[in-house]
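Comments concern the structure below.
The values are calculated or read from the model by the stated rules, or taken from the named source; none is laboratory data. As the structure is a computational prediction, the values presented were derived from the model and not from experiment. Glycine gets a Cβ as well: all are built from the backbone with ideal geometry, and neighbour counts include every protein chain shown.
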């Protein structure tokens, strides 16, 4: 299972970084979403991988339990990244509709300075 | 336990929804509430600073849960000083925003402004790394809204870049936090400091080292350290002027986080993270100083020139931080106070200059009403920013150089800072003489109807200038305060014991289970 989780994080991160380095906003936003998925899984794994255990100490049975803190952290991280993705989509749409151009790099200002 | 410590976070957090819900269509009520909140925050900041000035560490346990299980807010000399600085800056910038009418050019300016302050003040006060992440997000979310306030294509485009860059930074931050938690099992700064110090020599520290590097990358992005500064020039130049002036404190949040985490959690003498401080931070900070100075010389527009001045001055702050010595941090803190005020003044002056001009490019235009006062303020701001006597920039740079004297890299520190100062003086001199000095050679346009900017706008800039003058006049007192702050940072035992040994709900560290 460690291999599966680790490679999932790795593949998501690699794909995310590739997309983030693209020139247009849509792939970049997709890349950021992939990166946030990767980081969410990574945060889960930071509390060690546990199968079939509740996130709470159980006084009657054995002491197997899942670390509850990463779950709380992931919840916060998911909410924040979800909201942020929505915000960036709106701003990018506004910029695209306004300038009819969805490149993320700076506008070439040679014309402006030539005046 | 004092409850005052949480008020700087709660007050703007309550005021913002009040402004949105109750005063939505009443700009004058919004303005009054906003200014009243700022005044209250200044008073609070001063009160907290006075309380902590004798070395007391204030602690607030949220929900009465004891650290490290609950989240704590901690106020020591450093945090309360930054709270007061933020409140003073925000007050005068708000006065400018009202005076210049920026708050009427879009909706919800005041509400976003309050949320922005909530995030910044929370980031200064929190004692928990994950909570620091949350407050970073609060201040970023508000800053996205403020950044594109009043709209416009250029601004939206710069806004997209700014948001994307910061989203990447947040992702990195989460990766760093995950690694830290996986390695140490805690995210409370004080608890973390004790666990990192308790590592046995020879223990496996690969994960911890990765986390330390990731974390300093995140803070360096916030502090605009070269080569992570690319987001700053276009976003600060395109942001509305009062927002850019408020953003002057945001780069300092990054510097604050570096000082806090890398003096307490990963101090220079820890074996696992040795080399991170001297090998990387100091040289890159020197490169920032140089790149900023070159940018000042190369800028074609006045607003870009100021953004590069910000990069250069952040570089100077980080040079002093990168020494990680007691005198170094003391100098960094003094320079940080100065550079926040100077950058804010310059951003506001650029906006005053835009008043009545068609372009901010460095082209001579005819003088307009109010130009003399604006030019005078630019002169003042430029002197402060470049570090010419007699203002605090000069004193701050002397302190940084004095601290650098004992460093092995002293030759580099001296030559880079001094040469870059000269280059920025030339850059500012050239820009100032083209934009302001030569204005009289152009015939004024008789049909121009531009009126002088309002008195209240000048009052905002003037207030910041007055604070800067006070910082210069009382430099001795302020510097001895920053020295005491630095001493407290290098002797974190009081901080650690207050945070970890104060009993709370369900936990009594002294009495056992």
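Determine the pairs where a residue that is more than 10 Å from chain B (Cβ to nearest Cβ), located within the stretch A:70-83, has a partner that is buried (at least 16 other Cβ atoms within 10 Å of the Cβ) with Cβ atoms under 7 Å apart, the partner being 6 or more residues away or on another chain.
Correct list of pairs: A:78/A:40.
Of these, B:28, B:53, which one is at pLDDT below 95, closer than 25 Å to residue B:239 by Cα and surrounded by fewer than 23 Cβ atoms within 10 Å (Cβ to Cβ)?
Working: B:53 fails: closer than 25 Å to residue B:239 by Cα.
Every option except B:28 fails the conditions.
Confirm whether residue B:315 is surrounded by fewer than 24 Cβ atoms within 10 Å (Cβ to Cβ) and either more than 14 Å from chain A (Cβ to nearest Cβ) or within 20 Å of residue B:396 (Cα to Cα) (or both). Even if it seems obvious, please write down each step before you answer.
Numbers: surrounded by fewer than 24 Cβ atoms within 10 Å (Cβ to Cβ): no; either more than 14 Å from chain A (Cβ to nearest Cβ) or within 20 Å of residue B:396 (Cα to Cα) (or both): yes.
Criteria not met by residue B:315.
Residue B:237 - would you say it is away from every other protein chain (no Cβ under 14 Å), assigned to a helix (DSSP H, G or I) and closer than 30 Å to residue B:87 by Cα?
On the way: away from every other protein chain (no Cβ under 14 Å): no; assigned to a helix (DSSP H, G or I): yes; closer than 30 Å to residue B:87 by Cα: yes.
Spelling it out, it is not the case that residue B:237 is away from every other protein chain (no Cβ under 14 Å), assigned to a helix (DSSP H, G or I) and closer than 30 Å to residue B:87 by Cα.
Of all residues in the stretch B:127-151 being more than 15 Å from residue B:239 (Cα to Cα) and either out of contact with any helix residue (DSSP H, G or I) (no Cβ under 7 Å at 6 or more places or on another chain) or away from every other protein chain (no Cβ under 14 Å) (or both), which is surrounded by the fewest Cβ atoms within 10 Å (Cβ to Cβ)?
Applying the filter and picking the extreme gives B:131.
Restricting to the stretch B:53-68, what's the tally of residues that are farther than 16 Å from residue B:496 by Cβ and in contact (Cβ under 8 Å) with a residue 24 or more places away in the chain? First the steps, then the outcome.
Kept after step one, since they are farther than 16 Å from residue B:496 by Cβ, are these residues of the stretch B:53-68: B:53-54, B:60, B:62-65.
Checking the rest, the ones that are also in contact (Cβ under 8 Å) with a residue 24 or more places away in the chain come to B:53, B:60, B:62-65.
Number satisfying all stated conditions: 6.
Go through B:232, B:177, B:217 for me and flag whichever is within 10 Å of chain A (Cβ to nearest Cβ), at pLDDT 90 or above, closer than 30 Å to residue A:92 by Cβ and not in a loop (DSSP other than H, G, I, E, B). Step through it out loud before you land on a result.
Values: B:232 fails: within 10 Å of chain A (Cβ to nearest Cβ); B:217 fails: within 10 Å of chain A (Cβ to nearest Cβ).
Unique residue meeting the criteria: B:177.
How about the stretch B:198-213: which of its residues are buried (at least 17 other Cβ atoms within 10 Å of the Cβ) and away from every other protein chain (no Cβ under 11 Å)?
Passing the criteria: B:205, B:208, B:209, B:212.
Mind checking whether some residue in the stretch B:403-415 is in a helix (DSSP H, G or I), under 25 Å from residue B:304 (Cα atoms) and touching a residue at least 60 places away in the same chain (Cβ under 8 Å)?
no
Given the conditions (1) more than 10 Å from every other protein chain (Cβ to nearest Cβ); (2) in a helix (DSSP H, G or I); (3) in contact (Cβ under 8 Å) with a residue 40 or more places away in the chain; (4) over 24 Å from residue B:113 (Cβ atoms), and given that residue B:195 satisfies all but one, which numbered condition is not satisfied?
(3)
Yes/no per residue for (1) within 12 Å of another protein chain (Cβ to nearest Cβ); (2) farther than 30 Å from residue A:100 by Cα:
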{"site": "A:35", "(1), (2)": "yes, no"}
{"site": "A:41", "(1), (2)": "yes, yes"}
{"site": "A:45", "(1), (2)": "yes, yes"}
{"site": "A:48", "(1), (2)": "yes, yes"}
{"site": "A:55", "(1), (2)": "no, yes"}
{"site": "A:63", "(1), (2)": "no, yes"}
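Checking residue B:63 against (1) assigned to a helix (DSSP H, G or I); (2) buried (at least 22 other Cβ atoms within 10 Å of the Cβ), which test does it fail?
Of the numbered conditions (1) assigned to a helix (DSSP H, G or I); (2) buried (at least 22 other Cβ atoms within 10 Å of the Cβ), the odd one out for residue B:63 is (2).
Kindly list the number of the only condition in (1) closer than 18 Å to residue B:329 by Cα; (2) in a helix (DSSP H, G or I) that fails for residue B:420.
Result: residue B:420 fails condition (1) only.
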